[in-house]
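Below is one structure, written out as structure tokens; comments come after it.
The values are calculated or read from the model by the stated rules, or taken from the named source; none is laboratory data. Because the structure is predicted, anything quoted here is derived from the model rather than measured. Cβ placement follows ideal geometry from the backbone for every residue including glycine, while neighbour counts extend to all protein chains displayed.
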Amino acid sequence: MLEIESTYLAKSIPEGLHKCKKKEVFDVYFPKEERHPSTRIRKNGNKYEITKKKRVDENDASIQEEATLKLTKDEFDTLKMIDGKKVIKERYYYKYNDKTAEIDIFQGDLEGLVLVDIEFETSEEKNAFIMPDFCLADVSQEEFVGGGMLAGKSYSDIEDDLDRYEYRKLGLIMQ
């Protein structure tokens, strides 16, 4: 399956986000020794899967070939013991125009980081899309926001990259 998406740094938490559907997402990327692992196991709410991603074009990180297999809870529980890079986030599903923005509020060592992903059917649709006003910058081509790069890191590990965008820590404020 081809995945076409844009990733943005959030500038603010959109109004009403706390009322949106959400899931806790727990990822383990492996092998741990790789700088940017492309294979992960994921617990997404009560769904479990293993995914491998591969860039289609070395010059465009926003388009990737993605292969995903469903796992049982028992398979996930066995595989999560792998010595991999871990990350936990709350994923909110926020309606924006005719799209669903997946707003990831990172937990633990990455607390304060909020990323927004929006998926598209075609590259033309992605290219015509206007960044939401609650977003700060399009970081789709930035390697440091890739799941395999963020996993196992702390906020301070990526702070220099975030400073280039004048990003400021965010958190979910209940309204």
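Could you identify the single residue in VAL114, VAL25, VAL56 that is in contact (Cβ under 8 Å) with a residue 12 or more places away in the chain, touching a Leu at 6+ places or on another chain (Cβ under 6 Å) and hydrophobic (A, V, I, L, M, F, W, C)?
That would be VAL114, the only listed residue that is in contact (Cβ under 8 Å) with a residue 12 or more places away in the chain, touching a Leu at 6+ places or on another chain (Cβ under 6 Å) and hydrophobic (A, V, I, L, M, F, W, C).
Please note which strands (runs of 3 or more DSSP E) are completely contained in region 98-175 and include at least 2 residues that are touching a strand residue (DSSP E or B) at 6+ places or on another chain (Cβ under 9 Å) and acidic (Asp, Glu).
Qualifying strands (runs of 3 or more DSSP E): 99-106, 114-120.
Based on this model, can you work out whether ALA67 counts as under 24 Å from LEU136 (Cβ atoms), at pLDDT 90 or above, among the small types (Gly, Ala, Ser) and in contact with a strand residue (DSSP E or B) (Cβ under 9 Å, 6 or more places away or on another chain)?
no
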